[in-house]
Amino acid sequence: MSSMKEFENPYFEPSHFVEQLAWRVQGENKRNGDETGTFDAKKMLIAFECTIEELKLMSMKMDEKIKKEELSLQSERTRHAVSVDGLRKTNKKAFTNFQELDEHISSVATKVVHLGDQLEGVNTPRARDQEAQKLIHYFFMFTNEFEPQAEIFSDPFQLNEAADVIQKLYLIAQELPSDKFAHPKKRITDQYITIESNLISEFDNAHKDGDKQRMRELADILLNFKGYNRCVESFIETNQKSLQVFRDIYDDLMPICRQVNFLTQEVFSTPELVMGKFVQCLYQQVLKCHVQHRLGSTREDTDKFLSQLYELYARTSKLTKGLGSFRLGSDSNFLNRQMKHVFGKYLDDYVKLEMDHLKSKMTEHLRLYYKSLNHTKKRLDQQGGLHELQNKLRTKTPLSNLNLGGSSHVDYGGEPFISQELSLNLINESKHALTRCKLLSNQSDLAVNAVNIFKLLTHYLCIDHIDYALEIGLQGIPSNEPKTEPQGYFIDVARQANAVFHLLEKQFSELLVPLISSSPMYSQCVQEKREIKEQMEAKIENGLDRTLNCWCGWIKHILSAEQKKSDFKPETEEMPTELSTQACAKVLKFVEQQAGKLNACLDGKNVGAVRLEFGIRFHRVILDHLQSFTYNSMGAMLVICDVNEYRRTAKAFTSGLVNSLFEMLHALCNLLVVVPENLKQIITGEQMAGLDRSTVMSFVQLRADFKTAKIAQQLK
């Protein structure tokens with residue numbers, strides 16, 4: 001039998017209940033000994049019918065219970081309705097009484113206000129009369145020298161009342177004619193000054209004791225006195241005396257300013273004016289003295305002076321920004337004027353000092369560098385320096401008219417005369433100058449000053465250093481017909497010049513551009529930098545071209561000195577043990593050294609372009625050289641061995657064009673060993689299809705048997 005609580009459970013599930021019932025019936029079958037697990041439908045039906053009957057009985061009982069509850073609820077509703085009706089009537093009666101009471105109170109209040117007006121109308125003239133009588137009494141005391149002074153003026157506990165009286169008497173005395181009341185006016189003025197001084201002294205004592213309420217009272221009283229400003233000055237002076245600067249004035253000032261700002265809000269009725277005066281005193285007395293002391297001790301050392309000026313101005317600017325959060329009056333330029341008062345005389349000549357200092361530092365760096373090399377700079381104006389390039393480019397003079405290097409060879413022992421360390425020093429000097437310029441220059445002059453600093457850098461770095469090194473490097477390149485093995489020092493100069501210019505461009509982008517990007521000078525500066533770069537690249541290109549010509553000239557010298565006609569027309573048929581001739585071996589050694597130097601010193605597209613050009617010129621030298629000999633059958637084998645070595649070395653240039661040129665040279669050399677009967681077939685074949693016939697014939701004519709074998713007739 002299921003209980004009612006089971007059905008009242010909020011989580012009751014009918015399907016779950018049916019499943020449980022079915023499992024209970026099957027469980028009874030097993031307990032009765034039925035282990036087969038067969039399903040007894042009849043028994044299940046009986047169980048369900050019995051359960052349904054039970055549920056019907058429970059439903060009937062529940063219906064009866066619901067009816068009883070409904071009857072009880074109806075009775076309760078009726079009872080509450082009667083109670084609410086009684087309360088409504090009571091509330092209505094109370095509201096009527098409240099209205100009557102409110103009308104009565106309003107009537108009484110009207111009468112009270114009327115009575116108060118009548119009393120005030122009577123009391124105000126009486127109070128004024130009493131006040132006037134009191135002032136007349138005190139004034140009479142000041143007119144009579146023999147009248148003893150009132151206790152109010154000598155009792156320190158009645159200072160507030162005495163201040164009120166003397167302030168009014170002082171105003172009255174100012175309206176009286178001096179000829180009749182000179183004596184009382186003087187006595188009142190003296191007493192006025194005395195009480196004013198006492199009030200200020202009392203204010204100072206309250207300030208020292210930290211009594212904000214008393215300070216507020218005295219400040220309000222002194223507001224009506226002429227000495228109110230003395231009170232403010234005393235307040236400021238006391239706070240300045242309390243400054244305890246032990247480590248860093250800038251770290252200590254901001255917390256003190258916060259404390260003073262809070263105190264002025266508590267004490268004075270016009271705190272923003274008092275705080276403004278306090279801040280003004282800080283700038284014009286404390287900060288100005290501090291700046292003068294710090295900068296005065298470094299005036300002889302310009303580098304230290306500029307560093308100190310930058311640091312002090314930066315920290316003062318930070319302090320100024322922090323003080324901007326306080327209310328300091330209605331003048332929005334107040335703090336900027338204070339900054340100008342502190343640093344004005346230093347900023348007036350800052351730009352000139354910065355430029356002169358930068359010139360001096362850069363000149364000194366260059367002097368020390370060349371002195372360390374024991375080198376005296378030469379005048380290169382007549383040898384096509386960057387000045388001449390610059391002028392001719394601006395006047396649109398063709399580059400062909402420029403003298404890009406002297407023809408004389410001057411050997412400096414491989415010294416490149418260019419230093420990345422020196423360049424970094426020059427760039428860092430300009431970096432410091434630009435950083436200071438950004439902070440210390442007027443915004444209207446910032447772009448002009450920044451560009452002038454950068455122009456100084458380009459002058460000393462690009463013209464006095466890089467261009468000079470390139471000119472010296474050009475002078476160190478031997479002629480196209482060198483008598484000794486050339487070292488290719490100019491390659492290293494070009495490498496270092498390129499690296500230094502990258503540093504210059506980095507500073508241009510990171511430091512200069514943000515300062516001039518919104519200025520008309522930006523495009524002009526970009527153009528000037530581009531011109532300098534193009535001029536430098538033109539000079540490097542000229543030097544590389546001359547270097548390659550020099551290398552090829554040395555290769556020609558090796559071949560002409562070492563290669564003998566008998567090398568390719570030996571009298572014996574014995575194959576030498578070496579894979580190449582002695583001249584070829586020396587050429588290969590030299591070419592591999594220079595190719596390695598190119599790879600080490602150049603980068604990016606430059607190295608590929610220069611290697612390609614060197615490879616093409618090397619091929620031309622070898623081609624011209626091989627065409628100056630006559631080859632017998634054994635000589636043809638030897639030259640093919642040489643060309644194989646040349647072809648192997650040419651792969652170091654990593655250029656498809658150079659490789660194909662040496663492949664074609666190898667194919668042309670094969671024409672020297674082919675039997676005459678097969679020459680026509682090879683020449684007309686696919687491998688030779690891209691060659692000019694005159695080139696092919698020029699190689700065929702180099703065969704020793706060209707005339708005896710009547711090869712010309714066979715190729716017709």
Q. Can you tell me which residues in the range 160-196 are closer than 18 Å to Phe268 by Cα and open to solvent by 40 Å² or more (accessible area, probe 1.4 Å)?
A. Asn160
Q. If you check Ala469 against the conditions, is it out of contact with any Lys or Arg (no Cβ under 9 Å at 6 or more places or on another chain) and in a helix (DSSP H, G or I)?
A. yes
Q) Of all residues in the range 616-658 being without any contact (Cβ under 8 Å) to a residue 40 or more places away in the chain and in contact with a helix residue (DSSP H, G or I) (Cβ under 6 Å, 6 or more places away or on another chain), which is nearest to Ser566 (Cα to Cα)? A) Ile640
Q | Residue selected from the range 512-536 under the condition open to solvent by 70 Å² or more (accessible area, probe 1.4 Å) and part of a helix (DSSP H, G or I), by the criterion farthest from Val621 (Cα to Cα) | A | Pro514
Q: Please find, among Lys506, Lys539, Lys569, Lys483, the residue that is open to solvent by 30 Å² or more (accessible area, probe 1.4 Å) and in a helix (DSSP H, G or I).
A: Lys506
Q. Does Val639 satisfy the condition of being at pLDDT 85 or above and either in contact with a strand residue (DSSP E or B) (Cβ under 8 Å, 6 or more places away or on another chain) or part of a loop (DSSP other than H, G, I, E, B) (or both)?
A. yes
Q. Residues of the range 301-332 being loosely packed, with under 13 Cβ neighbours inside 10 Å and more than 27 Å from Leu434 (Cβ to Cβ), which ones?
A. Ser325, Ser330, Asp331, Ser332
Q: Can you run down the residue pairs with Cβ atoms below 7 Å, 6 or more apart or on separate chains, where the first is in the range 547-566 and free of Cβ contacts under 8 Å to residues at least 60 places away in the same chain and part of a helix (DSSP H, G or I) and the partner is crowded, with 18+ Cβ neighbours inside 10 Å and among the small types (Gly, Ala, Ser)?
A: Ile558/Ala583; Glu562/Ala583
Q: May I ask you to say which residue of Ser408, Ser400 is at pLDDT below 70 and assigned to a loop (DSSP other than H, G, I, E, B)?
A: Ser408
Q: Would you check if there is a residue in the range 652-675 being under 29 Å from Gly543 (Cα atoms) and outside any helix (DSSP H, G or I)?
A: yes
Q. Could you say whether any residue in the range 371-386 is at pLDDT 90 or above and either within 30 Å of Gln285 (Cβ to Cβ) or in a helix (DSSP H, G or I) (or both)?
A. yes
Q. What pairs come up if the first residue lies in the range 249-266 and is over 13 Å from Phe235 (Cβ atoms) and of a type in the set (Val, Ile, Thr), the second is at pLDDT below 85 and not in a helix (DSSP H, G or I), and their beta carbons are under 7 Å apart, counting only those six or more places apart or on different chains?
A. Ile256/Leu243
**Q.** Of all residues in the range 659-686 being over 24 Å from Lys569 (Cβ atoms) and free of Cβ contacts under 8 Å to residues at least 24 places away in the same chain, the one that is surrounded by the fewest Cβ atoms within 10 Å (Cβ to Cβ)
**A.** Glu686
(Q) Anything in the range 411-438 that is exposed (fewer than 13 other Cβ atoms within 10 Å of the Cβ) and either under 39 Å from the mean Cα position of the chain (by Cα) or modelled with pLDDT of 90 or more (or both)? List them, or say none. (A) Gln420, Glu421
Q.
Being in a helix (DSSP H, G or I) and of a type outside the set (Lys, Arg) is true for just one of Ser423, Ser444. Which residue is that?
A. Ser423
Q: Can you run down the residue pairs with Cβ atoms below 9 Å, 6 or more apart or on separate chains, where the first is in the range 342-358 and surrounded by 15 or more Cβ atoms within 10 Å (Cβ to Cβ) and the partner is among the small types (Gly, Ala, Ser) and part of a helix (DSSP H, G or I)?
A: Glu354/Ala433; Met355/Ala433; His357/Ala433; Leu358/Ser430; Leu358/Ala433
Q: Could you grab the pairs with beta carbons closer than 7 Å, sequence gap of 6+ or different chains, first residue in the range 687-716 and part of a loop (DSSP other than H, G, I, E, B), second one of a type in the set (Val, Ile, Thr) and open to solvent by less than 40 Å² (accessible area, probe 1.4 Å)?
A: Met688/Val696; Phe706/Val700; Leu715/Ile683
Q. Do any helices (runs of 4 or more DSSP H) lying entirely in the range 228-294 carry at least 2 residues that are under 24 Å from Asn333 (Cα atoms), touching a helix residue (DSSP H, G or I) at 6+ places or on another chain (Cβ under 9 Å) and at pLDDT 85 or above, and which ones are they?
A. 249-267, 271-281
**Q.** Leading residue by the ranking (nearest to the chain's Cα centre (by Cα)) among those in the range 5-19 that are surrounded by fewer than 11 Cβ atoms within 10 Å (Cβ to Cβ) and either among the aliphatic types (A, V, I, L, M) or at pLDDT 75 or above (or both)
**A.** Glu13
Q) Is it the case that Ala636 is over 60 Å from the mean Cα position of the chain (by Cα) and of a type in the set (Gly, Ala, Ser)? A) yes
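The values are calculated or read from the model by the stated rules, or taken from the named source; none is laboratory data. Computed from a predicted structure; not experimentally measured. Every residue, glycine among them, receives a Cβ derived from its backbone with ideal geometry; neighbour counts consider all protein chains shown. Calculation scope for accessible area: heavy atoms of the full protein, side chains included, ligands and nucleic acids excluded. Shrake-Rupley method; radii C 1.70, N 1.55, O 1.52, S 1.80 Å.
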